[in-house]
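What follows is a single structure, written as structure tokens, with notes after it.
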Amino acid sequence: MTYQEHPNYVLKNVPERTLKPRQNGLTMVMDKGLSTREAEDLVQVSGDLIDIIKLGWATSYVTPTQVLRQKLEVYRQAGIPFYFGGTLFEAFYIRGQFDDYRKVLDKYQMPLAEVSDGSIEMPHDEKCKMIHQLSQQTQVLSEVGSKDAEKILAPYQWIELMKAELEAGAWKVIGEAREAGNVGLFRETGEVRQGLVKEIIHSIPADKIIWEAPQKSQQVWFIKLVGANVNLGNIAPNEVIPLETIRLGLRGDTFMHFLNS
């Protein structure tokens, strides 16, 4: 049972969180190489708070086979959807192995797949084609934004790309930030490109976007802007519970924010 269903104690004026399985208020966690035991511990402590787990970039390629299979089974038994990071998709695509990638998704019974072009150049109509094809096979997340800090997209470009990818069949679109939170949506310092995000939200439904926000200050900013049920991604395993307290106004950063709402 979750704290929502059976709290350890009762507090008034706590924001209402959506319940799993949910369409908004998602917490996507990045597994950058957890052991099976660490995955089990993560699920034991935070499984009720985790909606999606991403095996970061191409870490699944070098993870011991037995560990990889065991971890995926741990997540599967916990009812938490998982996927391989978009960089793995790009690694297959750039080598002309898209069909092999689809076989990998089947081999590991992946409930989700990510399509991205953060490290490569790909015509956007080609990317949308990949999204559409994979959406016939599994649920697709598509990532918008470059991992190259020098490649800056104007707000209208972010909006056009996101709209097209959703229309192509993506379940959600992801705003790129990398695991460090210092590109794409953010400046090198980690500061949010506030004007960019506000323009995107004005045109794209907030529940269709997962914002990569690995840094606490970024999480706080999005929660204050969108609310407790904003979709956040690239959360470190040991930051899941701290993030939930921020969502609920139970940490200093948002302590006063929800009391009068």
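Values in this text are rule-based calculations from the coordinates and carry no lab data. Just so it is clear, the structure is predicted and the values come from calculations on it, not from any experiment. Glycine also receives a Cβ, built like all others from the backbone with ideal geometry; neighbour counts cover every protein chain displayed.
Side notes on the structure shown:
- Applying the criteria of a DSSP loop state and at most 16 other Cβ atoms within 10 Å to the trypsin sites (Lys or Arg not before Pro) of region 47-102 yields ARG95.
- Extension gain from HIS6 to ILE120, taking 0.36 nm per residue of separation minus the Cα-Cα distance: 36.4 nm
- Each peptide in 3-13, 191-201 receives the mean, over its residues, of other Cβ atoms within 10 Å, and ordering these scores from highest gives 191-201, 3-13.
- Test item: Cα-centred dipole of the chain, Lys/Arg +1 and Asp/Glu -1 on Cβ, debye: 440
- Gyration tensor verdict on region 135-261 (Cα atoms; rounded if a/c is under 1.5, prolate if a/b is larger than b/c, oblate otherwise): prolate
- Rounded, prolate or oblate (a/c below 1.5 giving rounded, otherwise prolate when a/b exceeds b/c) for region 27-254 by Cα gyration tensor: oblate
- Cβ-based net charge around GLN219, under 12 Å, with every Lys or Arg adding one and every Asp or Glu removing one: 0
- Here LYS20 is the anchor, and the lysines within straight C-alpha reach of less than 18 Å, apart from those fewer than 8 places off in the same chain, are LYS54, LYS172, LYS208.
- Proximal aspartates and glutamates relative to LYS32, as straight alpha-carbon distance under 12 Å, when same-chain residues fewer than 8 apart are discounted: GLU179
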